Amino acid sequence: MGIEFDNSFAKLPPRMFARLAPVPVSAPSKIVVNTALAAVLGIDLDWVESEGATEVFAGNTVPDGADPLAQLYAGHQFGQWNPQLGDGRAILLGEVVGTDGIRRDIQLKGSGQTPFSRSGDGRSALGPVLREYIVSEAMQALGVPTTRSLAAVMTGDLVYRETPQPGAILTRIAQSHIRVGTFQIHAARGDRDALNALQTLTIDRHFPEAKDPTDLLDGVVIRQASLVAQWMGLGFIHGVMNTDNCSVAGETIDYGPCAFMDTYVPGKVFSSIDQMGRYAYANQPAIAAWNCAQFATSLIPLMPDQEAAIEIFTESVNRFSDAYKTAWRKVFAAKLGLTDPREDDDALIEDLLVQMAQGGSDFTNTFASLSTTDAPDQFADRDAFSRWEKRWIARRDNGFAAIMSQANPQVIPRNHQIEAVIVAALAGDFSKFHEMLAVVTAPFDPLNDTGAAYARSPTQAEAVTRTFCGT
Ligand code: AMP
Ligand code: MG
């Protein structure tokens, strides 16, 4: 057998989930398996590439030791409270403790209906599965906490969206799938016992030093602040920062309508369903803080004195702002090659970003070329850039180039390239998928010819400006 399960969520009170197996599919076929990740998880490498593994990743076989279940959660979606969501198209097979000692969930996404499917079919289309696989593995390579992708398979069944699409299933790996919304539902239902059990499990898995709800909240605030600062440093827009898509462990989760910016536009929105721009690039820190406030609210029933709790938790959530500012400065200072960020570096960073916004600069390529002779090409006002550059040169010290090469990727998964990968895959050609995956999972390597094609910013005609949730 290939996977050594060791399950903890399944031991929680049964009302916190629904036990059920994935719904079998017609004709499973392998698209891709992540053997490097399988090795970290301690999964048998011969097995993971076998037909037996494809049957497991398709949900047709439930492996020994798995205890499949759909998790219950709620959430604020675009600021609106939704009292019950839950895994409507995902099944947690179980958990494994990796060779690195870290416990992780193995989840099938697109595995059929559950009691939480509402009107959905429980399935995923091929396009969104490929998008999540590529972007999550790129994020990992970029050094950002994220859920990961162990495998993708085709189901052999059609799913009906605007048009019929081939169905696919992603095997998603996460430090856990515990979301802010997982806490919210038990708080909203007044189920203190469930909330308490969830708290104990969360502290055990993610915050072993935490002694009480306040420590847990502090930990979540710090991780969210750091996570969003890293997104900002890459021009990443999550697109659906609902509280049910906010991992308490601080990983990026749910790559629906996400995208990396090409041209730097602070108010940029990609998601077709985000009509108010709630989850625009520049709003992400404020939204993460808002999500932390919702998390705090869900922890109040666990505190002995609820009046006092409100005061303590307010202070904790208010610390998001300073934590974010510090994390942001660290991220962007590294992008400029500065080792010891100081508060007055903020002006240097911000002045560059203003010039980038005014000049319609490509976010990734500007930073990647900043210390080269190509840099001025990214700016509309070259004189202004040259004045800024003098200030930068005066501030930086010798080791800057080495720091910058590890902070500024040469390539990110651009939206128009992801779309091209999906179009080719829908026509039965997965070679572009594999090519792009290889390029974006080595983002700090010098570019060869293939890499250079993926690094080029799109022309106006090529640019993809809208993303769809893929549900
Ligand atoms: P998401 O926007 O992907 O985070 O999903 C929000 C909620 O809708 C979650 O409870 C999902 O499980 C559920 N959901 C999304 N797509 C489907 C689907 N095709 N079938 C059933 N439930 C779905
Ligand atoms: Mg979700």
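No lab work stands behind these numbers, since they all come straight from the coordinates. In this text, all values refer to a predicted model and were calculated from it rather than measured experimentally. When we count neighbours, we look across all protein chains shown, and the Cβ atoms used for this are built from the backbone with ideal geometry, even at glycine.
The figures follow:
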item	result
Value of D in µm² per second that Stokes-Einstein yields for the chain, Kirkwood Rh from Cα pairs, at 20 °C (1.002 mPa s)	93
Relative contact order for the range 222-306, counting Cα pairs under 8 Å that sit 6 or more residues apart, in percent	32
Gain upon complete extension [Arg189, Asn318; 0.36 nm per residue less C-alpha separation]	43.8 nm
Around Asn283: net Lys/Arg minus Asp/Glu count, Cβ-Cβ under 12 Å	+1
Debye intensity ratio in log₁₀ form over the Cα atoms of the range 313-471, taken at each q of 0.08, 0.14, 0.16, 0.20 Å⁻¹	-0.31, -0.85, -1.02, -1.27
Neighbour-count order for Val240, Val439, fewest beta carbons within 10 angstrom listed first	Val240, Val439
The range 1-155: mean projected area of Cα convex hull, nm²	9.7
The chain - percent relative contact order, Cα under 8 Å, separation 6 or more	15
Cβ-based net charge around Thr364, under 15 Å, with every Lys or Arg adding one and every Asp or Glu removing one	-1
Exceeding the 30 Å Cα-Cα cut-off - candidates Lys11/Lys330; Lys330/Lys390; Lys11/Lys211; Lys30/Lys335; Lys390/Lys432	Lys11/Lys330; Lys30/Lys335; Lys390/Lys432
Cα→Cβ-extended label distance, 7 Å offset, between Ala39 and Thr163, nm	4.0
Ordering of 146-159, 450-463 by packing [mean C-beta count within 10 Å, highest first]	146-159, 450-463
Dipole magnitude of the chain, debye to nearest 20 (Cβ charges: Lys/Arg +1, Asp/Glu -1, about Cα centre)	680
12 Å beta-carbon shell around Arg342, net charge (K/R +1, D/E -1)	-2
Relative contact order (percent, whole number), the range 255-343, Cα cutoff 8 Å, 6+ residue spacing	16
√(5λ) per eigenvalue of the Cα gyration tensor, the range 58-130, largest first, Å	24, 16, 13
Value at 222 nm in deg cm²/dmol, rounded to 500, when DSSP H runs of n ≥ 4 in the chain each add -39,500 (n - 2.57)	-13000 deg cm²/dmol
Cα-centred dipole magnitude for the range 148-218, charges only on beta-carbon of K, R (+1) and D, E (-1), debye, nearest 20	220
Computed Rg/Rh of the range 315-375, alpha carbon atoms with Kirkwood Rh	1.05
